[in-house]
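Notes follow once the structure below has been shown.
The values are calculated or read from the model by the stated rules, or taken from the named source; none is laboratory data. As the structure is a computational prediction, the values presented were derived from the model and not from experiment. All Cβ positions, glycine included, derive from the backbone under ideal geometry; neighbour counts span all protein chains shown. Just the protein is used for accessible areas: all its heavy atoms, side chains included, with ligands, DNA and RNA removed. Shrake-Rupley method; radii C 1.70, N 1.55, O 1.52, S 1.80 Å.
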Amino acid sequence: MQFQNTRSFARKLDKNDKLSKYKKQFHFPKVNNKKVIYFTGNSLGLQPKTSQAFVNEVMEDWKNLGVEGHFYGEKPWWDYHERLAKPLAKVVGAKPEEVTVMNTLTVNLHLLMVSFYTPTKKKYKILCEEKAFPSDQYMLASQVRFHGFNPAEAIVEVKKREGEHFWRTEDILSKIDEIGDELALVLIGGVNYYNGQVFDMEAITKAGQSKGANVGWDLAHAVGNITLELNKWNVDFAAWCSYKYMNSGPGNVSGIYINEKYLGKKDIPRFEGWWGHSKERRFLMEHDFQPMTNAEAWHLSNPSILSLAPYLASLQMFEEVGMDVLTEKSKMLTSYLEFILNQVDKEVDATFEIITPGDRGCQLSVFLHGKGRSIFDYLMKNGVIIDWREPNVIRLAPVPFYCSFEDMYEFGQILKKGMTGQDKT
Ligand SMILES: Cc1ncc(COP(=O)(O)O)c(C=O)c1O
């Protein structure tokens, strides 16, 4: 499609957008009494208007029923988490039994390492991307040390090539080949938080497993953003948070995926707790652990219902819309944003560099050569909410649920004003 940098063209795209009605279903912060253009759904998604009622329902049940809310609440708490598995499985391309919600992301990655990183003297290396999200780096290094190995030797980081801003799949595959039988685990962020790159999860999973390694993915920036087919790709395990594209609320509960081949096993290394014990027998308070036959075997504690409530509200929207429709709009909207950026770049003779490669979801990371920080400040003051990453990068995520094509046009106008204003100073 031939894009145009005009309001009328953007409005025409909005008119044809199947998702345009969803913008009204989210709460927007305001700057100068005007709803913002929100580009930070890759950090914290906006609040769906339905969330409050879901939380209130739990509060009311607690108020009126006390402990009886576990069994007689509007949505009884004792199996509340089960309601999330089916819609979430659709979002990540899994079977419902392979998916559950619990804890938070870094905690879950540690718990999954217990099951999937069992190094030996000969097979102990972990492959990841260079400059992975810091929490993942700390998690990996501390796990390696815990097992008595040296992170500098055990963790192999795949680097970007000199002068390039993205990782090449062939470099990852050849590194896997090079490490060979010493490879115990591959763990990469499925969508990189910094440059928005989508990794070829299917090819990398296959390559890692061909060396006898387990392959897991941190899907914090992937879930609800791109099409995932975890079961089809035969991924061993994955974990993600829910507060970015999943719109479940700040710091909210994480999701995990465990490939079906590991379910129902008693002999798998795993840290265990009473909520992973067979549901039918849980309240018999038995001595020996009988694992659930689904991913819930990895549960430790009874879930935080107040956290699950807004997540369930959000998942109902995902269920209603489906990832196909979301990703279809996401591609078009992100391409339109790219077009707008390039137009502004030409018009004001700026020096933007989009460092996100073609394999992407709905995030564009833009290197602002020159006065980056002052442009960032200008945009924030003028109702464009973006985020800043050192040394000079802004990240823009046009989330298809609540960003419109007119937002992209409007953003271009504000950016242009900011840039020309900058030039005069
Ligand atoms: C890629 C990635 N991994 C891990 C984390 C850590 O998440 P949490 O603080 O929920 O453990 C984040 C947080 O933004 C992230 O973006």
Legend entry - Given (1) without any contact (Cβ under 8 Å) to a residue 40 or more places away in the chain; (2) surrounded by fewer than 18 Cβ atoms within 10 Å (Cβ to Cβ), index of the condition V107 fails: (1)
Inset, instruction - Would you please name the residue that is farthest from the ligand (Cβ to nearest atom), looking only at residues in region 191-210 that are among the polar types (S, T, N, Q) and touching a Phe, Trp or Tyr at 6+ places or on another chain (Cβ under 7 Å)? - result: T205
Legend entry - region 112-135, subset crowded, with 19+ Cβ neighbours inside 10 Å and among the charged types (D, E, K, R), residue nearest to the ligand (Cβ to nearest atom): E129
Inset, instruction - Could you identify the single residue in S365, S330, S335 that is out of contact with any Cys (no Cβ under 9 Å at 6 or more places or on another chain), touching a residue at least 12 places away in the same chain (Cβ under 8 Å), in a helix (DSSP H, G or I) and open to solvent by less than 60 Å² (accessible area, probe 1.4 Å)? - result: S335
Inset, instruction - Identify, from the list S135, S174, S115, the residue that is touching a residue at least 60 places away in the same chain (Cβ under 8 Å) and assigned by TED's automatic domain parsing to the domain that holds W298. - result: S115
Legend entry - Test result for K160, surrounded by fewer than 22 Cβ atoms within 10 Å (Cβ to Cβ), of a type in the set (K, R) and within 16 Å of the ligand (Cβ to nearest atom): no
Inset, instruction - Test K75 against the stated conditions and say whether it is at pLDDT 95 or above, of a type in the set (K, R), in a loop (DSSP other than H, G, I, E, B) and assigned by TED's automatic domain parsing to the domain that holds M102. - result: yes
Inset, instruction - Tell me, please, whether a residue that is among the polar types (S, T, N, Q) and surrounded by 15 or more Cβ atoms within 10 Å (Cβ to Cβ) can be found in region 370-380. - result: no
Inset, instruction - Sort through Y138, Y72 and tell me the only one that's within 16 Å of the ligand (Cβ to nearest atom) and open to solvent by 70 Å² or more (accessible area, probe 1.4 Å). - result: Y138
Inset, instruction - Return yes or no: is L185 out of contact with any Ser or Thr (no Cβ under 6 Å at 6 or more places or on another chain) and under 30 Å from K23 (Cβ atoms)? - result: no
Inset, instruction - Look at V67 and say whether it is modelled with pLDDT of 95 or more, assigned by TED's automatic domain parsing to the domain that holds S301, more than 30 Å from G180 (Cα to Cα) and crowded, with 21+ Cβ neighbours inside 10 Å. - result: no
Inset, instruction - Report, by residue number, each residue of region 26-61 that is loosely packed, with under 15 Cβ neighbours inside 10 Å and in a helix (DSSP H, G or I). - result: Q52, A53, N56, M59, E60
